[in-house]
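As structure tokens, the structure follows; a few thoughts come after it.
The values are calculated or read from the model by the stated rules, or taken from the named source; none is laboratory data. If you're wondering where the values come from, they're calculated on a predicted model, not measured in any experiment. Neighbour counts run over all protein chains shown; Cβ positions are idealised from the backbone, glycine included. Only protein heavy atoms, including side chains, enter the accessible area calculation; ligands, DNA and RNA are left aside. Shrake-Rupley method; radii C 1.70, N 1.55, O 1.52, S 1.80 Å.
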Amino acid sequence: MTRSSWKGPFVDGYLLRKAEAARASGRHEMIKIWSRRSTILPQFVGLNFGVYNGQKHIPVLVTEEMVGHKFGEFAPSRMFYGHSSDRKAKRAGAPSAPGAPAPAAAPSAPTAS
């Protein structure tokens, strides 16, 4: 369920202070944040944020198209490696990839005439 429109977008207070300080200083350093739930506001456009995904900070340069979205949408926290059954089927003697070269045949012995 979405947030009520009369409440307005949620943004952590420290995030607003950090963004205003970065814009006032004019430096283009990465602002490290842990608030993936905060909404991207128009004041953040052009700033570089480091969104924490549970392991490291993922750099996110905010553009106009991102306004209204959440920071967590741009820093994936889970990595999908595929289904294990797909790997088992490939390993169980399935033919190699269609673009892979076929193994070369052994050279035949010269015939004696």
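Scan Gly82, Gly68, Gly54 and give me the residue that is under 19 Å from Val11 (Cα atoms) and at pLDDT 75 or above.
Being under 19 Å from Val11 (Cα atoms) and at pLDDT 75 or above holds for just one of Gly82, Gly68, Gly54, which is Gly68.
Of the residues in the range 1-11, how many are out of contact with any Phe, Trp or Tyr (no Cβ under 9 Å at 6 or more places or on another chain) and open to solvent by 80 Å² or more (accessible area, probe 1.4 Å)?
The qualifying residues number 6.
Residue-by-condition table, conditions (1) on the phi < 0 side of the Ramachandran plot; (2) surrounded by fewer than 11 Cβ atoms within 10 Å (Cβ to Cβ); (3) of a type in the set (Phe, Trp, Tyr):
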site	(1), (2), (3)
Gly13	yes, yes, no
Leu16	yes, no, no
Glu20	yes, no, no
Arg27	yes, yes, no
Ile31	yes, no, no
Trp34	yes, no, yes
Gln43	yes, no, no
Gly46	no, no, no
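Could you list, in sequence order, the residues of the range 1-46 that are touching a strand residue (DSSP E or B) at 6+ places or on another chain (Cβ under 8 Å), of a type in the set (A, V, I, L, M, F, W, C) and under 14 Å from Gly68 (Cα atoms)?
Phe10, Val11, Ile40
Within the range 19-41, restricting attention to residues that are without any contact (Cβ under 8 Å) to a residue 24 or more places away in the chain and out of contact with any Phe, Trp or Tyr (no Cβ under 9 Å at 6 or more places or on another chain), which residue is nearest to Lys56 (Cα to Cα)?
Glu29
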